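The structure follows.
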Amino acid sequence: MKLLLDKQAAFTLVKLEEDKLDSLIAPQLKSELVFLNSEGVKNIIFDLSSVKYVDSSGLSAILVGNRLCNAVEGRFVLTHVNQSIAKLIEISQLEGILAVAADAEAAKEFFG
């Protein structure tokens, strides 16, 4: 799994550099998100600009990240969500649970 991390003062930008977030990638991503959480990272911007496809396992990994951040009173914000991923979020009725921003600049507003 190719993952870029950019740790800032208020948040950590996590960019997944894979075409697919599926059952092959999801367990590794969950492990990385748990590790970041254990290091004290509260706020994550998750950049999906390279990701073309997310399946239910990938969505589960995203929800793990969201839950971990919420548990420590942080935020998990998705950016660069394409139409198919947005449709999956809508079909799964997660629009009210997952924060989505157009890009990292817009996502920074969530961290006030």
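The values are calculated or read from the model by the stated rules, or taken from the named source; none is laboratory data. Every value quoted in this text rests on a predicted model; they were computed, and no experiment measured them. Cβ coordinates were reconstructed from backbone atoms using ideal geometry, including for glycine residues, and neighbour counts include every protein chain displayed.
Please verify whether segment 21-42 includes one or more residues that are assigned to a helix (DSSP H, G or I), free of Cβ contacts under 8 Å to residues at least 60 places away in the same chain and of a type in the set (Asp, Glu).
Yes, the conditions are met somewhere in segment 21-42.
Then there is this: Any idea which residue in segment 60-73 is nearest to the chain's Cα centre (by Cα), counting only those that are surrounded by fewer than 20 Cβ atoms within 10 Å (Cβ to Cβ) and of a type outside the set (Val, Ile, Thr)?
The selected residue is 63.
Now a separate question. From the list 47, 55, which residue is touching a strand residue (DSSP E or B) at 6+ places or on another chain (Cβ under 9 Å), more than 16 Å from residue 32 (Cβ to Cβ), at pLDDT 95 or above and among the charged types (D, E, K, R)?
55
Of all residues being in a loop (DSSP other than H, G, I, E, B) and out of contact with any Ser or Thr (no Cβ under 9 Å at 6 or more places or on another chain) in segment 1-11, which is modelled with the highest pLDDT? Just the residue, please. Spell out how you get there, then give the answer.
Within segment 1-11, the first condition is being in a loop (DSSP other than H, G, I, E, B), and the residues that meet it are 1-2, 8-11.
Cutting the leftovers down to out of contact with any Ser or Thr (no Cβ under 9 Å at 6 or more places or on another chain) gives us 1, 8-11.
Details: 1: 93, 8: 93, 9: 92, 10: 93, 11: 96.
Filtering first and then ranking leaves 11.
Pull up segment 74-89, narrow it to residues that are not aliphatic (A, V, I, L, M) and not in a strand (DSSP E or B), then point me to the one that is surrounded by the most Cβ atoms within 10 Å (Cβ to Cβ). Walk me through how you get there before you give the answer.
The first filter runs over segment 74-89 and keeps only residues not aliphatic (A, V, I, L, M), leaving 74-76, 79-80, 82-84, 87.
The next check asks that each one be not in a strand (DSSP E or B); those that pass are 74-75, 80, 82-84, 87.
Numbers: 74: 21, 75: 18, 80: 19, 82: 14, 83: 7, 84: 12, 87: 11.
Applying the filter and picking the extreme gives 74.
Another one. I'm trying to understand the selection: among the residues of segment 74-95, which are under 15 Å from the mean Cα position of the chain (by Cα) and small (Gly, Ala, Ser)?
Passing the criteria: 74, 86.
In addition: Can you name the residue in segment 96-112 that is surrounded by fewer than 12 Cβ atoms within 10 Å (Cβ to Cβ) and not in a helix (DSSP H, G or I) and, of all such residues, is nearest to the chain's Cα centre (by Cα)?
102
Further question on the same structure: Need the failing condition index for residue 14 against (1) part of a helix (DSSP H, G or I); (2) buried (at least 19 other Cβ atoms within 10 Å of the Cβ), just the number.
(1)
Filtering segment 52-91 down to residues that are acidic (Asp, Glu) and touching a residue at least 12 places away in the same chain (Cβ under 8 Å), which residue is farthest from residue 11 (Cα to Cα)?
55
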